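*Asks:* Quick one: structure below, then a few questions.
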Amino acid sequence: MFTRRVAVVGTGYVGLTTGACLASLGHQVVCADIDTAKVERLRRGVVDILEPGLSELVAEQVTAGRLSFVVGASSAVSGFADGGDGSGQAEVVFLCLPTPMGVGGVADLRAVEAVVEETRELLAPGTVVVNKSTVPVGTAARTAELLDRADVAVVSNPEFLREGSAVHDFLNPDRIVVGCDTAEAAERVAALYARLGAPTVLTDASSSELMKYAANCFLAMKLSYVNAMAELCERVGADIGDVTEAIGYDRRIGQAFLSPGPGWGGSCLPKDTHALLQVADAADFEFRLLRATIDTNTRQRQRIVDKVRQAVTGRRTGSLTRVRLGLLGLTFKAGTDDLRDSPALAIAALLRQAGADLVGYDPALVGDPSNPDKPARTEVDGVPLVADPLEAAQGAEAVVVLTEWPVFRTLDWTAMAGVMKQPIVVDTRNLLDSATLRRAGLTGIGLGRRDTG
Ligand code: UGA
């Protein structure tokens, strides 16, 4: 099997997963970050990200001598041991950099631009620069312009990994997409993944950049549709679980990504839906479906607040002033400690604005006693955190489940009921078994559920 010398710039979720996984496929990988302390930690085998299998894979690949960490993009680009062919240079350079939402919903490309500026003179002729971050359409072309090197190709190769299953998703992809106007460069990048045997779409850079948004926005649309359908279920007395199960058997729809919830969040879907709207606006295209997808999601948060209000006070307009609520789960989904654009935090902010007195518990935020780099969080966005769900329930007029952590299913709900002021659980993830709650003397209120409202 052939191997390549690969530099990966940026060691966030995408970069670190890409680096470790490409090393596990046999490539020689040097990962770079500008954060010296982070590089130090990675060299010691400390992975800050809560991602199943990632720290083990990093340790394994470092020990195997295929993966190393350096400070700064330029050190990565020329950080390879000379293999005897006169070259200690990377053959492929992955850019895995943050592209936060900037002014007016436009992705902020300053990190990409800075790295291009730093490395442009250092790249060996024939190097392929690969953009793996989700970037606006035209970024590959813009990167090529900034590089201004006819002998260096720029390729778009979006990633599709989900937080919480990043390593699994990388190594078991539904597809590999490589976009470039130079066939040789596209094939070189596609060949890096050859061992994975995934369907591969070779296309132009703009189509590749656009398809990443198209995928994430489609997923967001699917969820907004389900959340709207759950509301309709409540109004007509139907059950969203049965409805989604039934429609999911249609292979054109599929069972995945059909769970109603407090709204979609995280570092990708909100950013990408706004960015695509921006792309559409710039192209003078009124993308109403996408706008409705976003509006439905924003409205979902208020809908949850109204549900809590109704449950606690018996009235849709009842006051939440000084009403004590226990929040279970604050991360944007289970299986991660990521709080970025978490719907739970947006809902907490609305509840606080309404005067409620909140206490939160999240299993990912209680710290790791064996790891001094992972202390317990005591507060997030003004919500005090406790280390035990029972403490969050203490004196609460309702417990609100906001993240679908499986451990919530098996809590001692009888003990929870025993310390609450009112026996109410608002389950925004339809996670809990209604019979279990009933046995514990609790009234469960879900989304669009026949048995719990
Ligand atoms: C998402 C995509 O799923 C990945 O394919 C993509 O690569 C990634 O963005 C990215 O662009 O980097 P991620 O942000 O990790 O991945 O999270 P998802 O698992 O997609 O969840 C997004 C949101 O939808 C979460 O708030 C989650 O709780 C919510 N969700 C998901 C539901 O409410 N119901 C569901 O059935 C599924």
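The values are calculated or read from the model by the stated rules, or taken from the named source; none is laboratory data. What you are looking at is a predicted structure, and each value in this text was computed from that prediction instead of being measured. Note: ideal-geometry Cβ built from the backbone for every residue, glycine included; neighbour counts use all protein chains shown.
*Asks:* Could you pull out the residue among LEU447, LEU431 that is within 16 Å of the ligand (Cβ to nearest atom), part of a loop (DSSP other than H, G, I, E, B), more than 22 Å from the chain's Cα centre (by Cα) and among the aliphatic types (A, V, I, L, M)? Walk me through it before giving the result.
*Replies:* Numbers: LEU431 fails: more than 22 Å from the chain's Cα centre (by Cα).
Answer to the selection: LEU447.
Okay, residues lined up against (1) within 22 Å of ALA376 (Cβ to Cβ); (2) in a strand (DSSP E or B):
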| position | (1), (2) |
| --- | --- |
| GLU391 | yes, no |
| ALA396 | yes, no |
| GLU404 | yes, no |
| ARG409 | no, no |
| MET416 | yes, no |
| VAL425 | no, yes |
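*Asks:* Another question, then. Can you pull out the residues in segment 168-203 that are within 13 Å of the ligand (Cβ to nearest atom) and either part of a loop (DSSP other than H, G, I, E, B) or within 17 Å of TYR13 (Cα to Cα) (or both)?
*Replies:* HIS168, ASP169, PHE170, ASN172, PRO173, ASP174, ARG175
*Asks:* If the Cβ limit is 6 Å and pairs must be 6+ apart or interchain, which residue in segment 146-161 that is charged (D, E, K, R) pairs with which residue that is within 16 Å of the ligand (Cβ to nearest atom)?
*Replies:* Here the result reads GLU159/VAL14; GLU159/LYS132, each pair linking segment 146-161 to a residue that is within 16 Å of the ligand (Cβ to nearest atom).
*Asks:* Any residue at all in segment 275-283 that's surrounded by fewer than 22 Cβ atoms within 10 Å (Cβ to Cβ), away from the ligand (no atom under 16 Å from the Cβ), outside any helix (DSSP H, G or I) and not hydroxyl-bearing (Ser, Thr, Tyr)?
*Replies:* yes
*Asks:* Which of the residues belonging to segment 217-229 are within 12 Å of the ligand (Cβ to nearest atom) and under 14 Å from ARG301 (Cα atoms)?
*Replies:* First, pick out the residues of segment 217-229 that are within 12 Å of the ligand (Cβ to nearest atom): 217-227.
Selection gives LEU223, SER224, ASN227.
*Asks:* Can you tell me which residue is nearest to the chain's Cα centre (by Cα) among those in segment 370-386 that are among the aliphatic types (A, V, I, L, M) and part of a loop (DSSP other than H, G, I, E, B)? Lay out the reasoning, then the answer.
*Replies:* In the first step, residues of segment 370-386 are kept if they are among the aliphatic types (A, V, I, L, M); the result is 376, 380, 383, 385-386.
Next, from what is left, pick out any that are part of a loop (DSSP other than H, G, I, E, B): 376, 386.
Working: ALA376: 22, VAL386: 25 Å.
Here the residue is ALA376.
*Asks:* So is PRO158 modelled with pLDDT under 95 and assigned by TED's automatic domain parsing to the domain that holds ILE34 or not? Reasoning before the result, please.
*Replies:* Working: modelled with pLDDT under 95: no; assigned by TED's automatic domain parsing to the domain that holds ILE34: yes.
No: the conditions fail for PRO158.
*Asks:* Next up: Report yes if TYR213 is within 30 Å of ALA153 (Cβ to Cβ), within 15 Å of the ligand (Cβ to nearest atom) and among the aromatic types (Phe, Trp, Tyr), otherwise no. Give the derivation first.
*Replies:* On the way: within 30 Å of ALA153 (Cβ to Cβ): yes; within 15 Å of the ligand (Cβ to nearest atom): yes; among the aromatic types (Phe, Trp, Tyr): yes.
When the stated conditions are applied, TYR213 passes them.
*Asks:* Okay, moving on. Can you tell me which residues in segment 249-270 are within 25 Å of LEU328 (Cα to Cα) and either more than 8 Å from the ligand (Cβ to nearest atom) or loosely packed, with under 12 Cβ neighbours inside 10 Å (or both)? Walk me through how you get there before you give the answer.
*Replies:* The initial filter retains those residues of segment 249-270 that are within 25 Å of LEU328 (Cα to Cα), namely 256-270.
Scanning segment 249-270 gives ALA256, PRO270.
*Asks:* Identify, from the list GLU397, GLU404, the residue that is away from the ligand (no atom under 16 Å from the Cβ) and within 24 Å of ARG352 (Cβ to Cβ). Reasoning before the result, please.
*Replies:* Details: GLU404 fails: away from the ligand (no atom under 16 Å from the Cβ).
Of the residues listed, the single one that is away from the ligand (no atom under 16 Å from the Cβ) and within 24 Å of ARG352 (Cβ to Cβ) is GLU397.
*Asks:* Does SER206 satisfy the criteria of being more than 25 Å from THR3 (Cβ to Cβ), in contact (Cβ under 8 Å) with a residue 60 or more places away in the chain and either over 18 Å from the mean Cα position of the chain (by Cα) or not in a helix (DSSP H, G or I) (or both)? Walk me through how you get there before you give the answer.
*Replies:* On the way: more than 25 Å from THR3 (Cβ to Cβ): yes; in contact (Cβ under 8 Å) with a residue 60 or more places away in the chain: yes; either over 18 Å from the mean Cα position of the chain (by Cα) or not in a helix (DSSP H, G or I) (or both): yes.
It is true that SER206 is more than 25 Å from THR3 (Cβ to Cβ), in contact (Cβ under 8 Å) with a residue 60 or more places away in the chain and either over 18 Å from the mean Cα position of the chain (by Cα) or not in a helix (DSSP H, G or I) (or both).
*Asks:* I'd like to verify a number: residues in segment 433-453 that are touching a residue at least 40 places away in the same chain (Cβ under 8 Å), of a type in the set (Lys, Arg) and surrounded by fewer than 21 Cβ atoms within 10 Å (Cβ to Cβ), how many?
*Replies:* Total satisfying the criteria: 1.
*Asks:* I need a count of the residues in segment 153-173 that are touching a strand residue (DSSP E or B) at 6+ places or on another chain (Cβ under 9 Å) and surrounded by fewer than 22 Cβ atoms within 10 Å (Cβ to Cβ). Can you show your working first?
*Replies:* First, pick out the residues of segment 153-173 that are touching a strand residue (DSSP E or B) at 6+ places or on another chain (Cβ under 9 Å): 153-158, 160.
Applying the additional criterion that residues be surrounded by fewer than 22 Cβ atoms within 10 Å (Cβ to Cβ) yields 160.
Count: 1.
*Asks:* Please state which one of GLY367, GLY441, GLY418 is over 27 Å from the mean Cα position of the chain (by Cα) and at positive phi.
*Replies:* On the way: GLY367 fails: over 27 Å from the mean Cα position of the chain (by Cα); GLY418 fails: at positive phi.
On inspection, the qualifying residue turns out to be GLY441.
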